[in-house]
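The values are calculated or read from the model by the stated rules, or taken from the named source; none is laboratory data. From a predicted model like this one, the values you see are computed outputs, not experimental measurements. We place every Cβ from the backbone using ideal geometry, glycine too, and count neighbours over all the protein chains shown.
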Amino acid sequence: MNSSIQYSEDFLSALDYGRPPNVKKIFPNSKALIVSGKYVDQAMLRKGSCMTIAANGRSSFVIRGALAAAQKANAAIIIEIARSEGGTQAYCAVNLWNIARITDAAMNELGITVPVAIHADHFGIKTPADIEPAKPEIQSLFDAGITSIAIDASHMPDDQNLLANIELSPYIPDWAGLETEVGEIKGKLGLSTTEEALFLIQGLNAHNIFPDWIALNNGTTHGIEQNDAGINVDLTAQIHEALSKYQISGAQHGTSGNNSDRLREIASKTRTTKANVATALQMISWGLKVNDYGNAILDENSQFIKQEEMGVSPEMWTRMLDHAKTKGLKGGDFKKLNLPFESGLLAQSAEIRERMAKGVEDFVYTLLKDVFNAGDTAPIVIEEILKTQSHNPGSKAKKIESDQEWTREKILEKAAKMDSDKGPEGDFDD
């Protein structure tokens, strides 16, 4: 713990009131203000025309860099990992059960005093058979310090998506941040529609389930972008407007391949408060050349460009390339280098480790301050915690739909009348 930090009375009071019970139990003596995702979402809405980063912590370097940037920008942020990256078949050393511990330790070490939520992203439910084993697993995540979760059953038909969300809801604490998703990331095979989004949110509302965020397939893809088609801002705004009476915010996936102007539009013209960034942070921590919005720049042979004096050491990068070649990894599949190389990366010199995190810090700071407009949102969270004197800020929404109109039978009946498609399985990390 950084003993040189002077903590204000307001901060210490917020620490006492605002940390959820699972966080207090695991970290009883911590000075890290880990909070519910609800507080972060509501702070962005209160400031208006802004969103914050949900930094995908594929490595400890990314987590440290994102936290340092948030402190510098005085911004509340989210640190997350997806189930595919950090679940029971993880390809990252950071996982759903240690991400809160890694974040808490880094916050205490670095003297981070901004509020941070810990999010389990893309908790994927791909078939009805996945629901039952998910129940104890979800509980285990909150036991490990998670404070927010995304239930992603969007790979199934709309009725099964809704029913899965309803069945899993009792296993999520009422104080925790909650994200749901409609329309899997399926590129050219079809975007989310207003009809699909209303079906999901109305059905949840009828069952007293009030998500903080909805993620849409609004024109982006995950990982390394192959073109600049990018996010459809108008579609996003249209769906958010249709959902306005349900008081739900947007969660924007796949921001790494979208230029800064488009991301500014998302923040200013839609109700988006959470922007996931994954691939860009990984590439930057390694020292690869990216454009101004974090998409990797490839050479004439479609290979990554390693920058001198940035990221990992030249020797480490050579080892990583050799491993990738042996395993047949190309492009976005380089993400699978995270797990086998985390220990090797940690064994580098202090200078190398620090510049890896610093690259992430500089990039995230620019996003927070100049693109997402999230600067100075940290005090808003603290003010709200002091006002509520609770770890639970409450829901933004209230029940307005009749549960009699959303029984299982009527859900199946309504869904049968919808014109909806589902694309092939994709890559759902970013």
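Once the stretch 56-81 is narrowed to residues that are among the aliphatic types (A, V, I, L, M) and touching a Gly at 6+ places or on another chain (Cβ under 8 Å), the residue that is surrounded by the most Cβ atoms within 10 Å (Cβ to Cβ) is A75. Here is the figure for the stretch 391-430: residues that are at pLDDT 95 or above, more than 30 Å from V277 (Cβ to Cβ) and not in a helix (DSSP H, G or I) total 6. Within the option set R83, R46, being within 23 Å of A251 (Cβ to Cβ), touching a helix residue (DSSP H, G or I) at 6+ places or on another chain (Cβ under 8 Å) and not polar (S, T, N, Q) holds for one residue only, R46.
When W406 is tested against (1) among the hydrophobic types (A, V, I, L, M, F, W, C); (2) closer than 28 Å to C50 by Cβ; (3) buried (at least 18 other Cβ atoms within 10 Å of the Cβ), exactly one condition is not met: (2).
The residue pairs whose first member lies in the stretch 100-117 and is in a helix (DSSP H, G or I), whose second member is of a type in the set (K, R) and surrounded by fewer than 22 Cβ atoms within 10 Å (Cβ to Cβ), and whose beta carbons are closer than 8 Å, counting only pairs six or more residues apart or on different chains, are M107/K31; N108/K31. As a summary of the residue check, K245 satisfies the conditions (1) free of Cβ contacts under 8 Å to residues at least 60 places away in the same chain; (2) surrounded by fewer than 16 Cβ atoms within 10 Å (Cβ to Cβ) except for the one numbered (1).
Screening L345, L368, L321 for residues that are touching a strand residue (DSSP E or B) at 6+ places or on another chain (Cβ under 7 Å) and at pLDDT 95 or above leaves exactly one candidate, L368. Within the stretch 118-135, if we keep just the residues that are touching a strand residue (DSSP E or B) at 6+ places or on another chain (Cβ under 9 Å) and part of a helix (DSSP H, G or I), the residue that is farthest from D376 (Cα to Cα) turns out to be D130. Screening the stretch 108-123 for residues that are aliphatic (A, V, I, L, M) and within 18 Å of the chain's Cα centre (by Cα) and picking the one that is surrounded by the fewest Cβ atoms within 10 Å (Cβ to Cβ) gives V114.
Here's the yes/no breakdown for (1) assigned to a loop (DSSP other than H, G, I, E, B); (2) crowded, with 21+ Cβ neighbours inside 10 Å:
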position: L263; (1), (2): no, yes
position: Y293; (1), (2): yes, yes
position: G311; (1), (2): yes, yes
position: A324; (1), (2): no, no
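Hey, could you check the stretch 176-195 for residues that are modelled with pLDDT of 95 or more and among the charged types (D, E, K, R) and say which is nearest to D419 (Cα to Cα)? It comes out as E195. D362 satisfies every condition listed in (1) assigned to a helix (DSSP H, G or I); (2) modelled with pLDDT of 95 or more; (3) more than 30 Å from T377 (Cβ to Cβ) except (3). In the stretch 386-412, the residues that are among the small types (G, A, S) reach residues that are assigned to a helix (DSSP H, G or I) and surrounded by 13 or more Cβ atoms within 10 Å (Cβ to Cβ) with C-beta atoms within less than 7 angstrom, at least six apart or across chains, in these pairs: S390/Y17; A397/N205; A397/Y246; S402/A206. Figure legend. Inter-residue proximity from the stretch 324-347: first residues over 13 Å from W286 (Cα atoms) and without any contact (Cβ under 8 Å) to a residue 12 or more places away in the chain, second residues in a helix (DSSP H, G or I) and of a type outside the set (A, V, I, L, M, F, W, C), beta-carbon distance below 7 Å, spacing 6+ or different chains. Indicated pairs: L329/K336. For L163, the requirement of being modelled with pLDDT under 95, surrounded by fewer than 24 Cβ atoms within 10 Å (Cβ to Cβ) and not in a strand (DSSP E or B) is not met.
Taking first residues from the stretch 18-29 that are within 18 Å of E384 (Cα to Cα) and at pLDDT 95 or above and partners that are small (G, A, S) and surrounded by 22 or more Cβ atoms within 10 Å (Cβ to Cβ), the Cβ contacts under 7 Å between residues at least 6 apart in sequence or on separate chains come to P20/S36.
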